[in-house]
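Down below is the structure, laid out as structure tokens.
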Amino acid sequence: RAMSVPTTMKAVVVEQTGGPEVLQYKTSHPVPTPQEGQLLVRNNISGVNFIDTYFRTGLYASPKPKILGREGAGTIVSVGPNTSGFKVGDRVAWMANGGYAEYTAVPAAKTVKIPEGISDEDVMASFLSGLTVLSFVKETYAVQKGDWVLLHAAAGGAGFLMTQILKSIGANVIGTAGGAEKCALVKSLGADVVIDYRSEEGKDWVKLVKEATGGRGVDVVYDSVGKDTWEGSLEAVKRKGTIVWFGNASGPVPPIPLPKLSPKCVKIARPTLFGYIETREEFEYYTNELFTRLQSGELKVKIHKVYPMEEIAQVHIDLEGRKTMGKPLIKP
Ligand code: NDP
């Protein structure tokens, strides 16, 4: 059984790496055909993540031409050969490639049904970002009640969710963010200390973190800012502490001489979400954890804005320009 599917669609194609101008909005791109193990999804809404900018600039290599976008939510319109577990009409979320399009052929293995009572928008505001947070606070470093945690970019797509998850575990959260509005948002989530690291006073955030922890430093740092913060993160972590470097918002962390870790016996990690959700069991475990929290209302989402897909260049400009709070979404 298949719904009627057009042969062409609107999609954003990248043919070469570069600035936001390489994002080409096309109105008659071929609709893909689902192969074995795949589903064709008509996307109702898609997430935009900072990682999309890395594939656009080439910081992360990928074959081009390419349709960017790593997640979407919508309706299954056809099912590929030898593909089980899903049917036409199912409302699903997926994590794969090609979200900047009306239709995406996605692996069934990386697709889940969205439970009743959770909107497509709420899932997209928390899917890739939320699974990242849930896996990193459990597996990269197991955050404990009472831990002091330094979280950079706490008002961002991932940061907004991580602040809440850390507080629900009972950790003491020190969140950094740029500007008064973002800091107020982080504070409203219950963060214990909020530092505007772009303000005059907050520029010396290492000192403020030390003060907040009685000179000791934090148990763990979650640092996705990278280039601009990695040295400070190393200073702000306690003896025997852990630093989780997981992003490049300001540029990548340079190769670090390992002896720099010795004086404080620091542990470092550089995880990727995709390594924690490789098996179906792992993927379902974390999606269930997320959906439970969304359904109970324990986890709130924040959508920065839903942009029409043709404004995709503006979304990248806003993300890279530090203009967003919470998660930007696009409507294909
Ligand atoms: P965000 O919404 O958090 O956007 C990035 C934020 O980083 C900005 O809003 C800004 O917040 C801060 N930032 C600091 N310096 C800069 C700079 N020079 N340029 C731009 N932004 C800067 O994005 P996401 O939620 O999509 O992702 C957050 C981070 O987590 C990214 O680095 C991303 O790559 C990483 N990530 C990694 C994953 C993994 O598997 N390893 C998975 C998911 C996300 P402010 O203005 O407050 O400084």
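The values are calculated or read from the model by the stated rules, or taken from the named source; none is laboratory data. Please read all numbers here as calculations on a predicted model, not as lab measurements. Cβ atoms come from the backbone with ideal geometry, glycine included; neighbour counts cover every protein chain shown.
Looking across region 251-275 at every residue that is closer than 17 Å to S135 by Cβ and without any contact (Cβ under 8 Å) to a residue 24 or more places away in the chain, the one that is nearest to the chain's Cα centre (by Cα) is identified as F274. Do we have T53 as of a type in the set (S, T, Y) and surrounded by 14 or more Cβ atoms within 10 Å (Cβ to Cβ) here? Against the criterion (of a type in the set (S, T, Y) and surrounded by 14 or more Cβ atoms within 10 Å (Cβ to Cβ)), T53 qualifies. Can you tell me which of V193, V209 is in contact (Cβ under 8 Å) with a residue 40 or more places away in the chain, over 21 Å from the mean Cα position of the chain (by Cα), at negative phi and more than 9 Å from the ligand (Cβ to nearest atom)? Among V193, V209, only V209 is in contact (Cβ under 8 Å) with a residue 40 or more places away in the chain, over 21 Å from the mean Cα position of the chain (by Cα), at negative phi and more than 9 Å from the ligand (Cβ to nearest atom). Just so you know, in region 204-237 the residues that are part of a strand (DSSP E or B) and in contact with a Phe, Trp or Tyr (Cβ under 8 Å, 6 or more places away or on another chain) include one that is surrounded by the most Cβ atoms within 10 Å (Cβ to Cβ), and it is Y222.
Can you say whether G69 is crowded, with 20+ Cβ neighbours inside 10 Å and part of a loop (DSSP other than H, G, I, E, B), as far as the supplied structure shows?
Working: crowded, with 20+ Cβ neighbours inside 10 Å: yes; part of a loop (DSSP other than H, G, I, E, B): yes.
So G69 passes the test.
Filtering region 224-237 for residues that are touching a residue at least 24 places away in the same chain (Cβ under 8 Å), in the same structural domain as V173 (by TED's automatic domain parsing), more than 21 Å from M162 (Cβ to Cβ) and not hydroxyl-bearing (S, T, Y) leaves a non-empty set. Scanning region 152-190 for residues that are at positive phi and within 10 Å of the ligand (Cβ to nearest atom) returns A153, G179.
Within region 238-280, restricting attention to residues that are within 17 Å of V209 (Cα to Cα) and in contact with a Pro (Cβ under 9 Å, 6 or more places away or on another chain), the residue that is surrounded by the most Cβ atoms within 10 Å (Cβ to Cβ) is V244. If the condition is being more than 13 Å from N49 (Cα to Cα) and without any contact (Cβ under 8 Å) to a residue 60 or more places away in the chain, then region 315-331 contributes G321, K323.
Checked against the criterion of being under 19 Å from E71 (Cα atoms), modelled with pLDDT of 95 or more, assigned to a loop (DSSP other than H, G, I, E, B) and of a type in the set (S, T, Y), region 15-33 contains one or more residues that satisfy it. Contact map, region 149-170: first residue farther than 20 Å from S233 by Cα and charged (D, E, K, R), second residue assigned to a strand (DSSP E or B) and more than 10 Å from the ligand (Cβ to nearest atom), Cβ cut-off under 9 Å, separation 6 or more or different chains; pairs are K167/V173. Residues that are over 25 Å from V173 (Cα atoms), of a type in the set (D, E, K, R) and crowded, with 16+ Cβ neighbours inside 10 Å occur at least once in region 292-309.
Residue check: S62 meets all listed conditions (1) closer than 21 Å to G157 by Cβ; (2) touching a Pro at 6+ places or on another chain (Cβ under 9 Å) but one, namely (2).
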